[in-house]
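Quick note: the coordinates plus some simple rules give every number you see, no bench work behind them. Source: prediction; values computed, not measured. Positions of Cβ are generated from backbone atoms using ideal geometry, with glycine treated the same way; all protein chains shown enter the neighbour counts.
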Amino acid sequence: MKISYKKVTILFLTLVLIISGAVWIFIKIYKGNFGEELNTYKILVTVRDQKNADPEEDKRNSMKKGFVIGVYDKEHIWSQTERVSYLILKIELTDKQKEKIIKPIEKKTKQKKLSEEEKKMVEISGEDSKKEIIEIRKYKINLDEIGFDNPNILLERQPFENKVFNWRIVEKIAV
């Protein structure tokens, strides 16, 4: 059986396409954005822990090291105070990731467990349950992963101005 040059070429090109497709899918899954469009944003990240004497209040209201304060368009202009007080990172996010990165951890209480006043408030809001913030953020930036360990560097410069990160630097907070 003789194999022609044309058949070998077609077989080779088919294999290249299959392998390329598999690599593309692996990269998309690895980055956590399979099938979703990525946009580049700037995020403002806390580099020091805020503290509150009340432990419950501390969880609900105090920003901790690595928590994202906000997500902004890549053209956002920062004040000098922001530049020396917070870490500013460029990051590629999907629309879902953009929402998740600043979400709090919430607890829902069903209407039947609420007081009459709380039921009225929930009814006015159009919800079917009351939401209570348990912790101010569900996700944070892993500052060790990106190699950030000295907040004092911000007094001189932003260390990652020319780098664009992705979801891999984000971690879920253990509750």
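If you take Kirkwood radius over Cα pairs in Å from the coordinates, which of [x] 19.8; [y] 21.0; [z] 18.7 do you get? Correct label is [x].
Stretching Ile77 away from Trp24 to a fully extended chain increases their span by 15.7 nm, per 0.36 nm per residue minus the current alpha-carbon distance. Here r is the Cβ-Cβ distance between Lys98 and Leu11 and R0 is 45 Å; the resulting FRET efficiency, rounded to 0.05, is 0.55.
The calculated FRET efficiency for Thr109 paired with Asn39, based on their beta-carbon distance and R0 = 30 Å, is about 0.30. Calculated [222 nm] ellipticity per residue, helices only, for the chain: -10000 deg cm²/dmol; basis is -39500 (n - 2.57) per DSSP H run with n ≥ 4, divided by all residues, nearest 500.
Highest mobility in the GNM of the chain, judged by mean-square fluctuation with C-alpha springs under 10 Å and restricted to Glu82, Glu117, Glu127, is found for Glu117.
The modelled label-to-label distance for the pair Asn150/Ile134, using points 7 Å beyond Cα in the direction of Cβ, is 3.9 nm. Rounded to the nearest angstrom and listed largest first, the equivalent-ellipsoid semi-axes of the stretch 123-175 from its Cα gyration tensor are 35, 13, 12. Remark: Trp78, Trp167 ranked as Trp78, Trp167, counting other beta-carbon atoms within 10 Å and listing the fewest first.
Sorted fewest first by neighbouring Cβ atoms within 10 angstrom, Ile169, Ile19, Ile91 come out as Ile19, Ile169, Ile91.
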